[in-house]
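The values are calculated or read from the model by the stated rules, or taken from the named source; none is laboratory data. As the structure is a computational prediction, the values presented were derived from the model and not from experiment. Here Cβ is always computed from backbone atoms with ideal geometry, including for glycine, and neighbour counts include all displayed protein chains.
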Amino acid sequence: MSGKCPVIVAALFGVAVSLYAQSSPAAKQKAFNSFELTEVQQIRNRILANKSNPAGTKTYSTTLPNTTVSYQMVAIPGGEYTMGSQVKKDERPPHKVTVSPFWMQAHEVTWDEYRLFMFAKQAGEIAHKDNLVDGVSRPTRPYVEMSFGMGINGFPAISMTQHAANKYAEWLSAKTGEFYRLPTEAEWEYACRAGSTTPFYFGSDASQLGDYAWYSANSKGKYQKVETKKPNAWGLFDMLGNVMEWTLDQYAPYKGGHQVDPWVKPTQPYPIAVRGGSWNDAPPLVTCASRVASDASWKQQDPQLPKSIWYETDAQWLGFRLIRPATTPSAEEMYRYWNNGVEQDEQ
């Protein structure tokens, strides 16, 4: 009888995996809770115990523990603005949105930062010395060179999935004791506009775009170092151009009416809303209101079946930056920000 146990266990495991694969996104989200919610609660406890958290609306810098890598968080005041525009169908209808205050990274996450997440030794981490950091999932080894030979130090990290960006946020939160996540579409556009109502945060004249952004006319066909163009009025660099940026939201038609801190939670792997335009785009796609829908074709070079949950192998123009809300959410909310439950491609 004992000889049959491994076979029975394997069979039951196979059935469980099959049922999980066929379950709804909502069911998958619930299934993950038992594995990770306790750890998220522990990360939250670390955040609440952190006595070095900045107060009020102060812009600040953080150096990652055991490294010389630092990044700046810019204070973004809460307020109300008109999201969207009348220019393109998916930017309509323009609607009022109220946004709570937060901090946002001054520039896109760079390879200097992201490689610490990919490789524990570079981050100065010793296995089993910090169970919270050890417990966060990290990317598998990429099948292609993710920098595409176009520069590492000071350049934005590219070609990661939204899931990878979410897990980076979780890792960074465990590492620093500061809560981080991707911005919602509403938060991203609010921060990009920095009080402006024009297509670009510097006005309506596309001939000035080269002063503020890397785009198709001046990028020489590749991404560029961060913070080499002028920032917007709130001190944020490269919100337009260089690399597009992930948001938390499912790409979906806008709803009219006044909204407060809206978030369209993903229920399927595609499409997710991406913002800002890139080095490969013309001015009409490099505006504060412009939206792009993620697509399965962004993984064409990935030889795995199913495709990797970590890499968008063909998206050399895709990156992200994080925000830190002024108020720390509950553990359940933190879990939902870091685990959308639809990271596995289902096409």
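For beta carbons closer than 9 Å, sequence separation of 6+ or different chains, a first residue in the range 209-227 that is modelled with pLDDT of 95 or more and a second that is surrounded by fewer than 16 Cβ atoms within 10 Å (Cβ to Cβ) and among the β-branched types (Val, Ile, Thr), the qualifying pairs are Trp214/Thr228.
Restricting attention to the range 318-339, the residues being at pLDDT below 95 and touching a strand residue (DSSP E or B) at 6+ places or on another chain (Cβ under 8 Å) number 1.
Residues in the range 84-107 that are in a loop (DSSP other than H, G, I, E, B) and under 17 Å from Phe179 (Cα atoms): Ser100, Pro101, Ala106. Part of a strand (DSSP E or B), within 16 Å of the chain's Cα centre (by Cα) and either under 23 Å from Arg181 (Cβ atoms) or aromatic (Phe, Trp, Tyr) (or both): is that true of Ala315 in this structure? Taking the combined requirement at face value, the residue does not satisfy it. Scanning the range 228-258 for residues that are more than 24 Å from Ser294 (Cβ to Cβ) and in contact with a strand residue (DSSP E or B) (Cβ under 8 Å, 6 or more places away or on another chain) gives Trp234, Gly235, Gly256, Gly257, His258. Look at the range 228-261 and say how many of its residues are touching a residue at least 60 places away in the same chain (Cβ under 8 Å), assigned to a loop (DSSP other than H, G, I, E, B), aliphatic (A, V, I, L, M) and touching a helix residue (DSSP H, G or I) at 6+ places or on another chain (Cβ under 8 Å). So the answer is 1. Answer yes or no: is there a residue in the range 279-290 that is within 23 Å of Val99 (Cβ to Cβ) and not in a loop (DSSP other than H, G, I, E, B). No, because not a single residue in the range 279-290 is within 23 Å of Val99 (Cβ to Cβ) and not in a loop (DSSP other than H, G, I, E, B).
If I filter the range 38-71 down to residues being of a type in the set (S, T, N, Q) and not in a loop (DSSP other than H, G, I, E, B), which single residue comes out as farthest from Arg321 (Cα to Cα)? For the range 38-71, the residue satisfying everything is Thr38.
Only one entry in Gln304, Gln268 is in a loop (DSSP other than H, G, I, E, B), of a type in the set (S, T, N, Q) and more than 18 Å from Asp249 (Cβ to Cβ), namely Gln304. Only residues that are over 21 Å from the mean Cα position of the chain (by Cα), within 23 Å of Glu185 (Cβ to Cβ) and among the small types (Gly, Ala, Ser) were counted in the range 55-104, giving 2. Taking the criterion of being more than 27 Å from Val264 (Cβ to Cβ) and touching a Lys or Arg at 6+ places or on another chain (Cβ under 8 Å), the residues of the range 162-209 that qualify are Gly177, Phe202.
Each row is one residue, and each column tells you yes or no for (1) under 22 Å from Thr38 (Cβ atoms); (2) surrounded by fewer than 22 Cβ atoms within 10 Å (Cβ to Cβ).
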{"site": "Glu91", "(1), (2)": "no, yes"}
{"site": "Phe119", "(1), (2)": "no, yes"}
{"site": "Ala123", "(1), (2)": "no, yes"}
{"site": "Pro139", "(1), (2)": "no, yes"}
{"site": "Ala169", "(1), (2)": "yes, no"}
{"site": "Glu178", "(1), (2)": "yes, yes"}
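Please verify whether the range 259-272 includes one or more residues that are closer than 15 Å to Val109 by Cβ, surrounded by 22 or more Cβ atoms within 10 Å (Cβ to Cβ) and within 19 Å of the chain's Cα centre (by Cα). No; the residues of the range 259-272 include none that is closer than 15 Å to Val109 by Cβ, surrounded by 22 or more Cβ atoms within 10 Å (Cβ to Cβ) and within 19 Å of the chain's Cα centre (by Cα). When restricted to residues that are among the charged types (D, E, K, R) and under 15 Å from the mean Cα position of the chain (by Cα), the range 273-290 contains 1.
Please pick out the residue among Thr68, Thr110, Thr82, Thr62 that is β-branched (Val, Ile, Thr), out of contact with any Ser or Thr (no Cβ under 8 Å at 6 or more places or on another chain) and farther than 21 Å from Met244 by Cα.
Sole residue among the options that is β-branched (Val, Ile, Thr), out of contact with any Ser or Thr (no Cβ under 8 Å at 6 or more places or on another chain) and farther than 21 Å from Met244 by Cα: Thr68.
Among the numbered conditions (1) within 15 Å of the chain's Cα centre (by Cα); (2) surrounded by fewer than 21 Cβ atoms within 10 Å (Cβ to Cβ); (3) under 20 Å from Tyr201 (Cα atoms), the only one that Trp111 does not meet is (3).
One residue stands out in the range 201-221 among those that are closer than 15 Å to Ser290 by Cα and of a type in the set (A, V, I, L, M): the one that is nearest to the chain's Cα centre (by Cα), namely Ala213.
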